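Read through the structure below, which is laid out as structure tokens, and then see the notes.
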Amino acid sequence: CCLKLKRFIYLISPNKINAAFYSALENVLASKRVSYFQLRLKNYPKNKILKIGKLIKDITNRHKVKLIINDNPYIAKEIGAAGCHIGQSDTSFRKTNKILKRKIIGITCHGSEKLVTRAIKNKVNYIAIGSFFKSKLKPDAKKAKIKLIKETRKKTKIPIVVIGGITNKNYKKLISLGANYIAISSYIWNNPTLKPEKAIRKFN
């Protein structure tokens, strides 16, 4: 079923955004495979993230892609993003929900059944689980058991985003187990052999 879903990619930004990035993003989103684009900039000051976020929002709007801001609901609100992604050590779900009022809120559950159960109870908009493979973006991330996808799918209809070292060689298995979206970053932005717009087309 799910491989017919055209826009099944949850794309995460590279760690650094340079001037060439915007046209690369435009080309990648033109592939019509991306549903969400998450702006994840860990060591940037707020004003810089706002500036970059506004430029990116024009591009995501044009391609009907939902812009998600990592960690910070205040920035998400100021940019007018579609929502916010929160980790376990970021702003709480309740507080994020209060700030963003019915916008998209997704939450990192790592490989934990307990965190998945809590996310379901909170009625989040999507549940992110992983890491499933070795990831360049988060090299120290703990491995999640692949059966957690199946178990989560049995419990809820909330969309599942799988994350961690996903490439064109390993994603189909995750989708066949019940994942709705695959989160990718390094394979697109730091691919040693393919330009971003070519790399994204390896996912069908």
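With viscosity set to 1.002 mPa s at 20 °C, what whole-number translational diffusion coefficient in µm²/s follows for segment 110-153 from Stokes-Einstein and a Kirkwood radius over Cα pairs? Don't skip to the end; give the middle numbers.
Working: Rh = 11.0 Å.
Answer from the Stokes-Einstein relation: 194 µm²/s.
What are the semi-axes of the equivalent ellipsoid for the chain, taken as the square roots of 5 times the Cα gyration tensor eigenvalues, largest first, in whole Å? Numbers along the way, then the final one.
Numbers: eigenvalues 110, 94, 46 Å².
With the √(5λ) rule applied to the chain, the semi-axes are 23, 22, 15 Å.
If you count only protein heavy atoms and use a 1.4 Å probe, how large is the accessible surface of ARG62, to the nearest 10 Å²?
140
Go ahead and estimate [θ] at 222 nm for the chain from helices alone: -39,500 (n - 2.57) per DSSP H run with n ≥ 4, summed, over the residue count, rounded to 500.
Details: 9 runs with 73 residues, N = 204.
So the helix-based figure for the chain works out to -9500 deg cm²/dmol.
In the chain, carbon and sulfur make up what percent of the accessible area (probe 1.4 Å)? Could you put the intermediate results ahead of the total?
Values: 5740 of 10910 Å².
About 53 percent, which is the carbon plus sulfur part of the accessible surface.
What's the center-to-center distance, using Cα atoms, between segment 48-65 and segment 109-168 in Å?
The distance from the Cα centre of segment 48-65 to that of segment 109-168 comes to 26 Å.
In Å², what does the accessible area per residue of the chain work out to with a 1.4 Å probe? Intermediate results must be reported in sequence, preceding the final value.
Details: 10910 Å² over 204 residues.
Accessible area per residue: 53 Å².
The values are calculated or read from the model by the stated rules, or taken from the named source; none is laboratory data. Predicted model only: the values in this text are computed from it and were never measured. Ligands, DNA and RNA are stripped out before the accessible areas are found, and what is left, the full protein with its side chains, is counted by its heavy atoms. Shrake-Rupley method; radii C 1.70, N 1.55, O 1.52, S 1.80 Å.
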